[in-house]
1. Just checking, does the range 423-446 include any residue being open to solvent by 10 Å² or more (accessible area, probe 1.4 Å) and in contact with a Phe, Trp or Tyr (Cβ under 9 Å, 6 or more places away or on another chain)?
2. Given V318, V326, which one is within 16 Å of ligand 2 (Cβ to nearest atom) and not basic (K, R)?
3. Sort through A387, A407, A419, A411 and tell me the only one that's within 15 Å of ligand 2 (Cβ to nearest atom) and open to solvent by less than 20 Å² (accessible area, probe 1.4 Å).
4. Which one is farthest from the chain's Cα centre (by Cα), of the residues in the range 309-343 that are on the phi < 0 side of the Ramachandran plot, among the small types (G, A, S) and open to solvent by less than 50 Å² (accessible area, probe 1.4 Å)?
5. Which ones in the range 226-257 are open to solvent by less than 40 Å² (accessible area, probe 1.4 Å), part of a strand (DSSP E or B) and closer than 23 Å to E278 by Cα?
6. Hey, does the range 344-355 have a residue that's within 11 Å of ligand 2 (Cβ to nearest atom) and crowded, with 23+ Cβ neighbours inside 10 Å?
7. In the range 391-404, which residues are open to solvent by less than 30 Å² (accessible area, probe 1.4 Å) and either more than 16 Å from ligand 2 (Cβ to nearest atom) or among the β-branched types (V, I, T) (or both)?
8. Do we find that P443 is within 15 Å of ligand 2 (Cβ to nearest atom), in a loop (DSSP other than H, G, I, E, B) and more than 34 Å from the chain's Cα centre (by Cα) in this structure?
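The values are calculated or read from the model by the stated rules, or taken from the named source; none is laboratory data. Note that this is a predicted model, so its numbers are computed, not measured. Cβ placement follows ideal geometry from the backbone for every residue including glycine, while neighbour counts extend to all protein chains displayed. The protein model used for the area step is the full one, side chains on, heavy atoms only, and it has no ligands, DNA or RNA in it. Shrake-Rupley method; radii C 1.70, N 1.55, O 1.52, S 1.80 Å.
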Amino acid sequence: MLHRRTGGAHRPPRARSLRHRLGQARGHRGRGHPPARPGRTPRRRRNPCRRRLHRPALHQRRPRARPPTRGRRVRGRHAARRPDRHRPRRAQPTQPRPHLRSRPRPRHLRRRHRHRLRRRAGDGTRLLRGPPRHRRHPRRRPGAHGRGHAGRRQGRSRRPARRAHPQAPLGESLLRVRRDGRPVNRVQPPVALTVAGSDSGGGAGIQADLHTFAAHRVHGTSVVTAITAQNTRGVTAAAAVGADLVRAQLDAVLGDFPVAAVKTGMLGGDELLALVAEYGRADRLPNLVVDPVMVTTTGDALFSGDPAAYLAELGPLVTLLTPNLVEARQLLGREIDGVEDMREAARALATFGPRAVLVKGGHGADADSADVVDVLWCDGQLLDLAAPRVATRNDHGTGCTLASAIAARLALGHPLPQAVAGAKVYVTEALKAATDWHLGTGPGPVHHHHGRRSVAL
Ligand SMILES: Nc1ncnc2c1ncn2[C@@H]1O[C@H](COP(=O)(O)OP(=O)(O)O)[C@@H](O)[C@H]1O
Ligand SMILES: Cc1ncc(COP(=O)(O)O)c(N)n1
């Protein structure tokens, strides 16, 4: 229906209901027209030409007079301008929308009072801002602003200062510092590389190294130098990977990944030793941790070259050299017995040029001692690192695990002494966590992922 005001003509007052006229209309109490009183002048009628000061609600307004559309169809967004449009385009907040309401509103609240009600999620628009409510923490934290509540912080500062680690090798933008001061990479995982042999039993070599990198949330890359057929009882066969293929692997990894630390394990012989030294001299092996693997725990030889070449070729390029007692004996060509001998050996090995030397006292040391002591020589200082001895037979791959844990921590930006001490704690916990394991009939592997729930649980 088209409502049109006729130009200048006075409209007759609208007919009101009887209740209005009696002043009983709801919401107009006392304001209705009193009944006509005989003998008195009738009340002045409102001048219909005067503009109304009170604007009616949008949905109650009459449409403005507009020239007729001359039969043209008005489509799309122009349809909103149609003069016979009674209802506003958008629903008004005062209009009840029961299908969008999350819970029933109290019935006693009248329409004109509804604006007093707080709008809730689910009322009206369905656009959600922020994360869905069901993902929020079910228990609110105390305090007006949750996390910042001073009682919960117990006096600690609101947030630890964000600063790059003083010895951060990866560039400041990638490193952040945690509450406890340890650096953490928020952008992407650091990359570490292991150059080592494959242990088919999965307890040592490449497999142990990659487990350890993953446990440290460091992306592990690998260059396989040898393939061993091995289980917890020993090595039954081994084949070296050709130098060309090792070179190709090194080029593939180093040419594409931002490798932050490198660990070497089983190199097998002089040829691969010389190859690794070549990459080291070209400054392509940052934070180089060298575990001079020569013999397995089960007594199988894994190195056929000249032990002295290790020191001559790699010595000056190495960040940390980690021989066990047997390997330290072979490198120096002398007996090592007891902690004082280990200290002497560390000092002697340091003269070949590495920045640091760690002589490990696990295998071959006094098996009855309460503590396992490793000796660290670093930047001219000697340090004994003691940890309680774990009574276990599952100690296969502890040397590989320790060296790769140190490399992972260097990749994460830990300073060298802290990286060594932290890695030793990690190995001790890995030994403890695997004491009840019966994987194979010989010395079994350690638990590289101790303290972490399976992602499948
Ligand atoms: N039973 C043990 N309890 C605690 N720590 C151990 C035990 N056996 C080895 N370790 C630690 O494991 C690390 C590797 O040492 P070791 O076993 O001597 O190396 P490798 O495996 O090269 O022979 C060292 O830090 C050593 O102290
Ligand atoms: C391929 C490979 N690399 C290294 C080791 C030494 O590990 P462990 O000294 O614990 O026997 C090993 N057994 N196998």
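1. yes
2. Working: V318 fails: within 16 Å of ligand 2 (Cβ to nearest atom).
Within the list V318, V326, the selection yields V326.
3. Criteria check complete, one pass: A407.
4. Taking the range 309-343 as the starting set, the residues that turn out to be on the phi < 0 side of the Ramachandran plot are 309-332, 334-337, 339-343.
If we keep only those that are among the small types (G, A, S) as well, we get 309, 312, 315, 328.
Add one more test, that the residue is open to solvent by less than 50 Å² (accessible area, probe 1.4 Å), and what stays is 309, 315, 328.
Numbers: A309: 43, G315: 37, A328: 40 Å.
It comes out as A309.
5. A226
6. Kept after step one, since they are within 11 Å of ligand 2 (Cβ to nearest atom), are these residues of the range 344-355: none.
No; the residues of the range 344-355 include none that is within 11 Å of ligand 2 (Cβ to nearest atom) and crowded, with 23+ Cβ neighbours inside 10 Å.
7. Looking only at the range 391-404, we keep the residues that are open to solvent by less than 30 Å² (accessible area, probe 1.4 Å), and these are 394, 396-404.
Of everything in the range 391-404, those that are open to solvent by less than 30 Å² (accessible area, probe 1.4 Å) and either more than 16 Å from ligand 2 (Cβ to nearest atom) or among the β-branched types (V, I, T) (or both) turn out to be T398, T401.
8. Details: within 15 Å of ligand 2 (Cβ to nearest atom): yes; in a loop (DSSP other than H, G, I, E, B): yes; more than 34 Å from the chain's Cα centre (by Cα): yes.
Yes, satisfied.
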